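Accompanying notes for the structure given below.
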Amino acid sequence: MTKAKGKLFIKTFGCQMNVYDSERMGEALAEAGYVTTDTPENADLVILNTCHIREKAAEKVYSELGRLKQIKTARERQGHGTTIAVAGCVAQAEGREILSRAPVVDLVVGPQSYHRLGDLISRAGQKRGGIIDIDFPEDDKFKHLPARPKVARSPSAFLTVQEGCDKFCTFCVVPYTRGVEYSRPVREIVEEAGRLAQAGVREITLLGQNVNAYHGNSGRSEPASLAQLLRALAEIPELERLRYTTSHPRDMSDDLVALHGNLEKLMPYLHLPFQAGSDRILAAMNRKHTRDDYLELVRRIRAARADIALSTDIIVGFPGETDEEFIRTLEVVKSVQFSQAYSFKFSPRPGTPAAAMDDQVLEEVKSSRLQELQAVLNEQQAAFNASCVGWNLDDVSYKAFRAICVHCLKVR
Ligand code: SAM
Ligand code: SF4
């Protein structure tokens, strides 16, 4: 039996990919002898798994570190040590700066080094001043993480199949924090899904920054597409439902669109960000699709699966966005009718091309556009919710939303 190392508390910020990473870190550390606790006050090891996508998300980490400093000092007075680690995208993007801004931190670890956590934590305990590991190692971290547990925590699970991004949208930090696009091999994913299914999982959401750009080793000369991967996973008898997120409109292949009409286990829900309704802004964002491309894609998806629920991401106040261009965004929203959406004010991220653009939009203009947009989105969401009232529990469409809420992806 592994000797107990102490209590572990992990706080997760940001997207579902971070939720998955936190789970895998927790599992790796459980194998190393840590027991999870739900408060930092009695934790020997605290990990903040962070998000750098918008300024607000990154700043939350520093205010959390301020709180942890007080907890660490109080624990020291009682004779207990606390190791504090910052993981995730803020760790990757800010590296050494975290140690200077928050000396309470003992370890800064990027998303590609989680399989080395046990060793890094022991080293951090021995070295004053903190240590950093934000390499992008050649090696596949997933190969070195322990197998998934034998008993599932929930009937729904996330499974990361693809990481990183080569698209370089001008507003986005992901290509810098998560590195180049990488797809896990089909065999590795099917094995992990099979193990989750054996443990009691019935619904899996495949994750990737650009999940539909998936092109993993299939064991044959050609890599497998996401559609092929989904078909392979649908063969696992215990799995009843499959989902995937997040998709880029450019990577919605005909095969994947068609799958929504013919793979019964694929749930009728798709998150498909469009970001902006003006072609000039889309080009400045380097999205590589136009408003008409997006609307045509939605038409094809609905032709394949009429009852599909669509959600999206939208940015308002991208540099240079005029009132007329913002109206193009509202037009797309009104034309598509989303079941749910995430909408954001443009947040300039250090090192991205859009942060250095001259014509930044005033904060109050961004706020008023966001308010106007959210009023329309809220109406559409309310209409969708109302349309679900009275659904029969056995109805296929209802089943799509029963295990994971379409709105927050939390288990209901
Ligand atoms: N890969 C997905 C795609 O291409 O649509 C998006 C993934 S990104 C992690 C999640 C969302 O955060 C984006 O769709 C975008 O709406 C938002 N986002 C990213 N960078 C942003 C920024 N600098 N300011 C505001 N919102 C941003
Ligand atoms: Fe970021 Fe998505 Fe664009 Fe990649 S495709 S750069 S993850 S917004």
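The values are calculated or read from the model by the stated rules, or taken from the named source; none is laboratory data. Everything numeric here is computed off the predicted structure, so don't read it as measured data. A quick note on method: Cβ atoms are made from the backbone with ideal geometry, for glycine too, and the neighbour counts reach across all protein chains shown. What goes into the accessible areas is simple: the full protein's heavy atoms, side chains included, and nothing from ligands, DNA or RNA. Shrake-Rupley method; radii C 1.70, N 1.55, O 1.52, S 1.80 Å.
Odds and ends about this structure:
- Unique match (being closer than 21 Å to residue 259 by Cβ, surrounded by 15 or more Cβ atoms within 10 Å (Cβ to Cβ), in contact with a strand residue (DSSP E or B) (Cβ under 7 Å, 6 or more places away or on another chain) and touching a residue at least 24 places away in the same chain (Cβ under 8 Å)) among 311, 343: 311
- Elements of type helices (runs of 4 or more DSSP H) contained in the stretch 133-252, each with 3 or more residues being open to solvent by 40 Å² or more (accessible area, probe 1.4 Å): 186-198
- Filtered by the rule that a residue be crowded, with 18+ Cβ neighbours inside 10 Å and in a helix (DSSP H, G or I), the stretch 27-41 gives 28, 29, 40.
- Hey, residue 158 in contact with a strand residue (DSSP E or B) (Cβ under 9 Å, 6 or more places away or on another chain), within 16 Å of ligand 1 (Cβ to nearest atom) and farther than 14 Å from residue 21 by Cβ or not: no
- Within the stretch 42-71, the residues that satisfy the criterion of being part of a helix (DSSP H, G or I), away from ligand 2 (no atom under 16 Å from the Cβ) and surrounded by 14 or more Cβ atoms within 10 Å (Cβ to Cβ) are 42, 60, 61, 62, 64, 65, 68, 69, 71.
- Per-region count, the stretch 120-132, residues surrounded by 14 or more Cβ atoms within 10 Å (Cβ to Cβ) and assigned to a loop (DSSP other than H, G, I, E, B): 1
- Candidates are the residues of the stretch 275-308 that are open to solvent by 30 Å² or more (accessible area, probe 1.4 Å) and within 16 Å of ligand 2 (Cβ to nearest atom); the one that is farthest from residue 361 (Cα to Cα) is 293.
- The residues in the stretch 176-193 that are touching a residue at least 24 places away in the same chain (Cβ under 8 Å) and more than 30 Å from residue 94 (Cβ to Cβ) can be counted, and the count is 8.
- Filter result for the condition that a residue is open to solvent by less than 20 Å² (accessible area, probe 1.4 Å), free of Cβ contacts under 8 Å to residues at least 40 places away in the same chain and on the phi > 0 side of the Ramachandran plot, over 88, 95: 95
- Where strands (runs of 3 or more DSSP E) sit wholly within the stretch 263-376, those with at least 2 residues that are farther than 26 Å from residue 204 by Cβ occupy 309-316, 340-345.
- Residue within the stretch 342-354 that is within 16 Å of ligand 1 (Cβ to nearest atom), in contact with a helix residue (DSSP H, G or I) (Cβ under 7 Å, 6 or more places away or on another chain) and of a type in the set (A, V, I, L, M) present: no
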